[in-house]
1. Of 22/169; 214/319; 156/324; 156/294; 10/214, which sit over 27 Å apart, Cα to Cα?
2. Non-local amide H neighbours of residue 139 (under 5 Å, H modeled in plane, Pro and chain starts lacking H): which ones?
3. Could you give the nm distance between label points at residue 78 and residue 61, where each point is 7 Å from its Cα heading toward the beta carbon?
4. How far is it, in nm, from the label point at residue 228 to the one at residue 246 when both lie 7 Å from their Cα along the line to the Cβ?
5. Size of the dipole of the chain about the Cα centre, Lys and Arg at +1 and Asp and Glu at -1 on the beta carbon, nothing else charged, in debye to 20?
6. Roll a 1.4 Å probe over the protein chains and send me the accessible area per residue for the chain in Å².
7. If you take the charge dipole of region 1-139 about its Cα centre, with +1 on Lys and Arg Cβ and -1 on Asp and Glu Cβ, which of 91, 41, 139 is farthest toward its positive end?
8. What list of ³J(HN,Hα) couplings, whole Hz, do you get for region 230-236 from phi and the Karplus terms 6.51, -1.76, 1.60, once you set θ to phi - 60° and write x for glycine and proline?
Amino acid sequence: MEIIENASLKSLNTFGVNATAKYLSHIRNLQDIEALFEWKSNNDLPNLILGGGSNLLFKQNYEGLVAKVDLLGKDIANEDEEAVYVSAAGGENWHDFVMWTIQQGFAGLENLSLIPGCVGAAPIQNIGAYGVELSNTFHTLQTVNLENGDVQEFSKEHCQFGYRESFFKSQTLDKLLITSVTFRLPKKPEWHVNYAGLREALAGEILSAEVISKAVISERSSKLPDPTILGNAGSFFKNPVLPVVEWEVLKANHENLPGFPQAHSEEVKTSAGWLIDQAGWKGYRAGDAGVSDKHALVIVNHANATGAELWQIAEEIMKSVEDKFGIRLEPEPRVIS
Ligand code: FAD
Ligand code: EPU
């Protein structure tokens, strides 16, 4: 395992923040994982597991070792009467993996097309889009424990998936490295096309994984800034989930407040983008840090904003939304400080 000292992380995070890592290594195979384990037992510094850097904000330089997961490989692991089981290594690009499953004639991941990042990070926040979450088709994942070298397999129940949540997001961060993930893709697909925008785009179409994927890609491209052109990490805040009673009180004062009743709970999800938009932040800019003029939920780096400058906008947004609506927004990306 090669270790690079004082490495720039600018090209390794989609905000394009020019932070540095005291040490950086690329994890490409089992030997590299063993070397990382060895390094950890001989050093008293923290480590950070990095995928595509699309859900992270480096508020400052990282004074430890950043382990960039570059484990590659994907295959059809198994098949039974009802489903195929496909696996991918943690460093595989998520969107390329989705495209590969569609090319193989499999359905189930099409609504999750074009989400940036790597396969190994996808379970961390149970990625979701257009009415589907990773948990819908998740089967198992494999981890290596960087503190004791143990290899473990997790079933869906063990992962404790929720809205942008899993067991791994808080409990085992930077200790368990997800080496591969397996999905169960049903042979009789169930299409999810009721999300506003998608439904209209697909009206009258003969549905297939390919057709839905194309519509999702087109919708996403029209709504979200492309991080290769304008630095961002997608939605910067989670959508607040409120008890029905609380939501009704707010709705009485703000008649256009969006609300999506949650299945199996007395709660309503509302739209952080709407709250931020109403608070007047869309298109805001302070130096190179700002808020997208396409989507109020996306904080953007116009060129050379620092992580601290981007975080300052996030804090100002949180304060202003709390003052106006009494709702405390929760950041979605991991803030490294
Ligand atoms: P990173 O940002 O590198 O890491 C995220 C977290 O996972 C960190 O805590 C990291 O330590 C950990 N991690 C990474 N790899 C591993 C591993 N192998 N083992 C253990 N821990 C690991 N998210 C959605 O859910 N839905 C969307 O629609 C969506 N749209 C987006 C659109 C844009 C334009 C952008 C920039 C982001 C979007 N995101 C979305 C957020 C992001 O793409 C996902 O959260 C993605 O899964 C992050 O993957 P990553 O590899 O970039 O993770
Ligand atoms: N809205 C505004 N102003 C804006 C943007 C949005 O008022 O500037 C309102 C509109 O009412 C709109 C509603 O917000 O109808 C919802 O917007 P959108 O459909 O874009 O979805 P979102 O709730 O903002 C969520 C996810 C996205 C995911 C999309 C599609 C979260 C935090 N975000 O966004 O995920 O791609 O739905 O399913 O749940 C991400 O997690 O990084 C991400 C991009």
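The values are calculated or read from the model by the stated rules, or taken from the named source; none is laboratory data. Not measured: the values here are computed from a predicted model. In this analysis, Cβ positions are derived from the backbone assuming ideal geometry, glycine residues included, and neighbour counts consider all displayed protein chains. These accessible areas exclude ligands, DNA and RNA; they are computed on the full protein's heavy atoms, side chains included. Shrake-Rupley method; radii C 1.70, N 1.55, O 1.52, S 1.80 Å.
1. Cα-Cα > 27 Å for 214/319; 156/324; 156/294; 10/214; rest within.
2. 182, 183, 184
3. Using points 7 Å along Cα→Cβ, the separation is 4.8 nm.
4. Using points 7 Å along Cα→Cβ, the separation is 4.0 nm.
5. So the dipole magnitude of the chain works out to roughly 660 debye.
6. Values: 16090 Å² over 337 residues.
On a per-residue basis, 48 Å².
7. The Cα lying farthest towards the positive end belongs to 41.
8. 9, x, 6, 10, x, 4, 8
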